[in-house]
Amino acid sequence: MLQVRPRRAWSVADTYWSEYLISRAMAGTTASRRTMMRAVQYDKYGGGAQGLKHVEVPIPKPKKGEVLIKMEAASINQVDWKFQSGIARPFMPKKFPFIPVCELSGEVVELGSGVSGFKVGDKVIANSFPDGGGLAEYAVAKASRTAPRPPDVSAADGACLPIAAVTALVALRTAGLSLDFAAGAGEPKKNVLVTAASGGVGHFAAQLAALAGAHVTATCGARNLSLATDILAADEAIDYASPDGAAVRSPSGRLYDAVVHCAPAPVPWKVFDRVLAGGGGAVGVVVDLTPGAAAFATAARQRVTFARKRLVPLIVSPAREEMEVVAGLVAEGKIKAVIDSRYPLSRAEEGWAKSMAGHVTGKIVVEIGEDE
């Protein structure tokens, strides 16, 4: 029996996109002659997904030390809509209107002065924080924060790496883990806890910790427990809503040598203190990726008292070398990007709303291109 799929409701964005395609066709515009591009931006604090506007704006020009990227995919992070909500007001965004999203994946189409190591046609990934620009057909990024994208890494997967995967890598290095297997040979196996292990940063942290040879305990929602053990290679997983999850207790009774705290909700230090190793010569470390004022105060107090158990608030500024490392691991099949959902640029506000709603498994990707 023939089944007819119901049509999705026509949106304002669909109307804009259709009119844009018609105008492009009538004008006979080619990529080499274009001066304007589609983009999604907001012009004030607040508004959420409804505050995003589909516009046509000039294609940016790369300045000294920058590359112009023809966008293929971008990934939305929580910090993107938190900036829109005014969490960093008045410092971020620097000005309005603002084109958000900083995890970029695409092709180099123009080089700014002084750029070496890249050429037109190179497939790349880039981190454009704090300037954003990702929800557009073209974006600029500093060459120092741009890395080659291996042929075996798709545009969508590549867009998940520049901030999320690199943050996970830096967090584990900060916690004392190494991905240099030769250097780590013969060292005792470390016990590592990753909170919010099914989230954007957490799902990379769990995989990288397992790759480093650690025994990994993951916290996540009940629906993602099998993902944590079967896909992310965690040795054990805890439902964060359970009593053990609230206390971050290892089901096997282990004390943690390191914790990568990815969950946005703050956890009192006394909760971590109970489950951290720190006796004898051991040092237990909690790397907090969402630190608040209390975390910085706790860390300062521990430094002056030479505590064996330490909280380390971490703000990451990804560099090219780190992006190359995680892109190489994806290309080799050693880690993978888990993509929750994909949206074309014409429906970017839907991905924005989904990110704001929370409980995203992995990453949300906006795919960009003339065939979207």
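The values are calculated or read from the model by the stated rules, or taken from the named source; none is laboratory data. Predicted model, so just to flag it, every value in this text is computed and none were measured. Every residue, glycine as well, gets a Cβ built from its backbone with ideal geometry; the counts of neighbours run over all protein chains shown.
Working carefully through the options Val283, Val312, Val316, find the one that is more than 30 Å from Glu72 (Cβ to Cβ) and in contact with a Ser or Thr (Cβ under 9 Å, 6 or more places away or on another chain).
Val312
Note down all Cβ pairs under 6 Å where the first residue falls in segment 108-126 and is in the same structural domain as Lys61 (by TED's automatic domain parsing) and within 10 Å of Pro62 (Cα to Cα), the second is acidic (Asp, Glu) and buried (at least 17 other Cβ atoms within 10 Å of the Cβ), and they're at least six residues apart or on different chains.
Gly112/Glu66
Mind telling me which of the residues Ile76, Ile59, Ile99 ends up being in contact with a Lys or Arg (Cβ under 7 Å, 6 or more places away or on another chain), in contact (Cβ under 8 Å) with a residue 12 or more places away in the chain and of a type in the set (Val, Ile, Thr)?
Among Ile76, Ile59, Ile99, only Ile59 is in contact with a Lys or Arg (Cβ under 7 Å, 6 or more places away or on another chain), in contact (Cβ under 8 Å) with a residue 12 or more places away in the chain and of a type in the set (Val, Ile, Thr).
Name the single residue, out of those in segment 232-258 being in contact with a Gly (Cβ under 8 Å, 6 or more places away or on another chain) and touching a residue at least 24 places away in the same chain (Cβ under 8 Å), that is surrounded by the fewest Cβ atoms within 10 Å (Cβ to Cβ).
By that ranking, first place goes to Leu255.
For segment 212-232, how many residues meet the condition of being more than 19 Å from the chain's Cα centre (by Cα) and within 17 Å of Ala171 (Cα to Cα)?
Count: 6.
In segment 290-309, what residues are more than 27 Å from the chain's Cα centre (by Cα) and hydroxyl-bearing (Ser, Thr, Tyr)?
Within segment 290-309, Thr305 is the sole residue that qualifies.
Return the residues of segment 72-122 that are of a type in the set (S, T, N, Q) and within 20 Å of the chain's Cα centre (by Cα); say none if nothing qualifies.
Ser75, Asn77, Gln78, Gln84, Ser85, Ser105, listed by residue number.
Taking the stated definitions as given, is Val275 over 13 Å from Val192 (Cβ atoms) and either more than 28 Å from the chain's Cα centre (by Cα) or touching a residue at least 60 places away in the same chain (Cβ under 8 Å) (or both)?
So Val275 does not fit the description; no.
From the residues in segment 86-120 that are modelled with pLDDT of 95 or more and in contact with a helix residue (DSSP H, G or I) (Cβ under 6 Å, 6 or more places away or on another chain), which one is farthest from Val40 (Cα to Cα)?
Checking each candidate, the answer is Val115.
Output the qualifying pairs, or none if there are none: Cβ atoms under 9 angstrom, residues six or more apart or on different chains, first residue in segment 215-231 and surrounded by fewer than 18 Cβ atoms within 10 Å (Cβ to Cβ), second residue assigned to a helix (DSSP H, G or I).
Final answer for the pair search is Ile231/His203; Ile231/Gln207.
Among the strands (runs of 3 or more DSSP E) lying completely within segment 278-372, list those that include at least 3 residues that are under 30 Å from Ala155 (Cα atoms) and at pLDDT 85 or above.
The qualifying strands (runs of 3 or more DSSP E) are 339-344, 363-367.
What about Glu322, is it among the acidic types (Asp, Glu), within 23 Å of Ala147 (Cα to Cα) and surrounded by fewer than 20 Cβ atoms within 10 Å (Cβ to Cβ)?
No: the conditions fail for Glu322.
Tell me, which residue of segment 68-113 that is in a helix (DSSP H, G or I) and of a type outside the set (Asp, Glu) is farthest from Ser144 (Cα to Cα)?
Ser85
Restricting to segment 221-242, name every residue that is under 18 Å from Lys336 (Cα atoms) and in contact with a helix residue (DSSP H, G or I) (Cβ under 7 Å, 6 or more places away or on another chain).
Ala228, Leu232, Ala233, Ala234
Just one of (1) assigned by TED's automatic domain parsing to the domain that holds Leu289; (2) touching a residue at least 40 places away in the same chain (Cβ under 8 Å); (3) within 28 Å of Lys123 (Cα to Cα) trips up Asp180, so point out which.
Going through (1) assigned by TED's automatic domain parsing to the domain that holds Leu289; (2) touching a residue at least 40 places away in the same chain (Cβ under 8 Å); (3) within 28 Å of Lys123 (Cα to Cα) one by one, Asp180 breaks only (2).
Can Pro266 be described as surrounded by fewer than 16 Cβ atoms within 10 Å (Cβ to Cβ) and not small (Gly, Ala, Ser)?
yes
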